[in-house]
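Worksheet for the structure shown next.
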Amino acid sequence: MKIVVTVKQVPDPNAPQALDPDNTIARDREVVLDPGDECGIEIGLQLKEAHGGEVVLVSMGPEKARDAIRKGLSMGADRGILISDPALAGADAYLTARALAAAISPESPDLVICATESYDGSTGMVPPMLAELLQVPQLTFAKHVAVADGTVTVHRQTEAGYQVVEAALPGLVTVTAGIADPRYASLKGIMAARSKEVRPLTVAELGIEQGRPTETVEGIADAEARKAGEVVEDDGSVGVEKIMAVLQAAKVL
Amino acid sequence: MAKIWVYAELSGGRPTSTTLELLTRARELGDVEAVALGPGARQAAPALGRHGAARVLVNEDPAFGEYLADPATDCLAALVPAQAPDLILFAFSADSREVAGRLAARLCTGLISNAMDVSAAGGGFVATVPYFGGAKVATYRANSRPAIVLIRPKSYEASVSGGEAEVVDVDAVIGEGSKRARIVETRTEAADRVKLEDARIVVSGGRGLGGPENFHFVQELADALGGAAGASRAIVDAGWVPYALQVGQTGKTVRPGVYIAAGISGAMQHTVGMKGSKVIVAINKDADAPILKMADLGVVGDALKILPRLIEAVKARKGS
């Protein structure tokens, strides 16, 4: 079974974020493999362990994003593909999906695994667009994934519980962050990752037209911030007293 | 006049609350049509009309309810060229965003996702999107026709306009190959409690609770106040509590009268889902936690020490 996992390098979610002058998310600071993608890689590796085959990581980003792929390779993925081209800087979801589709399509994977949404952009639009461009079904918000007899079955998280959804392969699955604890890379894994292939690809090699951006940023402003109110240091009683006063003022007691 | 479409989400023959919110906004932007697909669509039409849809395009093919995304995409992709809407509004919800994403890719257009408002400007449409937990707001212009915008739940307050919708039957146009991601079974896990998104009081817990064994303090306080318990993404991802409790970008958006955040630092992921609350109370050990900068009352202290005393105090007051 051939599995493709899409991965993205994002600003460290635990560090403060900022924008570059061109209004794209600043990536000059601490960057990490998107924690959601680590879960996708984990599921890919578990499926490979159960069914055999290969796990290929596909990413789009600056040359530095090679580190994110390398981390996934040290977890145990087999090889990587990095789409890196200045023409793709600031790409919108549609262009991103087209670039990923062009890189993934020749691989003819049985299963594509994506995180539900990235930690930084959080639009959640690349997976459905990618599924459409690859002409495969999408099984989304999976908190459980199983493959048997050419069929993929997921437990799709819903507001009230979950749905059991199945489709014949090939297909695309989006996984929730809670689906599995990603494994740590072993020392052996880190050593092995060094010799694994990471193939670079450019827009020209993918043969995609860049096209006109489907949306343009007209401006970015500071939101009307909520004003900070009173801050008190709890001394064993003042915290509760103050909270009780707020609850009473709000007429909820 | 611009033609505005609202993709109606249905639940048991009724439009979801977000659908009604979108219609309320849509009627300020032009001539409104709702597209209602699947069983119960016809039954939902009067409510859609009352909230502003002049026409409801209806098809009740059961495949819309049995399969994810593909059938609805096929139907919309066939309708769009024929009917030429200027703007299609979708809820930023699990079901709708999948249809919107596929549709945009099939129509070779883009979309604006995770928006909190959409308006007409310069002969087209612009939408505002929150960033960094809503600290920043980006304004995007949609360059394609139709413009497709996904709007976060609770961005508008739904209201009725008292209209009556004309019901228009449309063809389903579902490709045979599109019946593929099949919903085999639906299971409910939800607890029999106050619904999080409707609660007047929400008490949420985060990492600062120390471990899953302490989450009961959050639930007890919520119960004592007649409210609902919520959670940060961090503790949902860690498996302490089910996803149904998650407040934030990936979870629910809430606007209660009082929101109490216990042991939540205030990451963007979380705050975007609760910053519309009327009154915010935050309890956090870290005096630098971002949540304290947006709270009406911030208490610097240990949630595990404060919550039990607060529960006692609330119970004592309610009992008196």
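For the reader, a short list of remarks on this structure follows.
- Here the calculated FRET efficiency for B:Glu157 and A:Glu218, from their Cβ-Cβ distance with R0 = 25 Å, stands at 0.45, rounded to the nearest 0.05.
- Membrane-span-like helices in chain A, defined here as complete DSSP H runs extending at least 15 Å along the helix axis by their C-alpha atoms with mean Kyte-Doolittle hydropathy no lower than 1.0, are A:93-104, A:238-249; this is a sequence and geometry rule, not a statement about a membrane.
- Here is how the number arises for chain B: DSSP H runs of 4 or more residues each give -39500 (n - 2.57), the sum is divided by the residue count, and the result at 222 nm is -8000 deg cm²/dmol.
- Translational D in µm²/s for chain B (Stokes-Einstein at 4 °C, 1.567 mPa s, Kirkwood Rh from C-alpha pairs): 62
- Helical runs (DSSP H, four residues minimum) scored at -39500 (n - 2.57) apiece and divided by the length of chain A put the mean residue ellipticity at 222 nm at -8500 deg cm²/dmol.
- Gyration tensor verdict on region A:1-107 (Cα atoms; rounded if a/c is under 1.5, prolate if a/b is larger than b/c, oblate otherwise): oblate
- The charge dipole of region B:1-94, taken about the Cα centre with unit charges on the Cβ atoms of Lys, Arg (+1) and Asp, Glu (-1), comes to about 380 debye, rounded to the nearest 20.
- In this calculation the C-beta distance from A:Glu233 to A:Lys2 is compared with R0 = 51 Å, giving a FRET efficiency of 0.35.
- DSSP H segments from chain B that extend 18 Å or more along their own axis, Cα-based, with Kyte-Doolittle mean of -1.0 or above: B:70-83, B:94-106, B:303-319
- Rh (Kirkwood; distinct C-alpha pairs) - region B:196-319, Å: 13.8
- Across region B:56-82, the residues whose backbone nitrogen lies under 20 Å from the label position 7 Å along the beta-carbon direction of B:Glu164 are B:56-58.
- Annotation: for a label point projected 7 angstrom from Cα along Cα→Cβ of A:Ala249, residues of region B:291-313 with backbone N closer than 18 Å are B:292-300.
- Region A:75-128-region B:61-113 distance, computed between alpha-carbon centres (Å): 21
- Cα coordinate range in region B:160-216, projected on the principal axes (Å, largest first): 54, 40, 21
- Basic side chains Lys and Arg get +1 at the Cβ, acidic Asp and Glu get -1 at the Cβ, and with that the dipole of chain B about its Cα centre reaches some 960 debye.
- Charge dipole magnitude, Cβ of K and R +1, D and E -1 - chain A, Cα centre, debye nearest 20: 660
- Counting 0.36 nm for each residue step from A:Leu19 to A:Lys64 and taking away their Cα separation leaves a gain of 14.4 nm.
- Taking 0.890 mPa s as the viscosity and 25 °C as the temperature, the Stokes-Einstein diffusion coefficient of region A:127-229 based on its alpha-carbon Kirkwood radius rounds to 132 µm²/s.
- Principal axis analysis of the Cα atoms in region A:143-189 yields extents of 38, 29, 14 Å, listed in decreasing size.
- Computed over the Cα atoms of the protein assembly as shown, pair by distinct pair, the Kirkwood hydrodynamic radius stands at 24.5 angstrom.
- Cα-based shape type of region B:85-136, given that a ≥ b ≥ c are square roots of the gyration tensor eigenvalues and the cut on a/c is 1.5: oblate
- Cα lying deepest toward the dipole's positive end in region B:3-178, options B:Ile4, B:Tyr131, B:Gly65, charges on Cβ: B:Tyr131
- At R0 = 30 Å, FRET efficiency that the Cβ-Cβ distance of A:Ala50 and B:Glu60 yields, to 0.05: 0.15
- Cα centroid separation - region A:137-193 against region B:198-267, whole Å: 26
- Karplus-derived 3J(HN,Hα) values for region B:165-172, using 6.51 cos²θ - 1.76 cosθ + 1.60 with θ = phi - 60°, are 8, 7, 8, 10, 6, 10, 6, 6 Hz; glycine and proline are entered as x.
- With all pairs of separate Cα atoms included, region B:100-202 yields a Kirkwood hydrodynamic radius of 18.0 Å.
- Dimensions (Å) - region B:3-178, Cα atoms, principal axes, largest first: 42, 38, 29
Any read-out appearing in this document is the output of simple, stated calculations on the displayed coordinates, not a laboratory observation. Keep in mind that what you see is a predicted model, and the values were worked out from it rather than measured. Quick reminder, even Gly has a Cβ in these numbers, built from the backbone with ideal geometry, and neighbours come from all protein chains shown.
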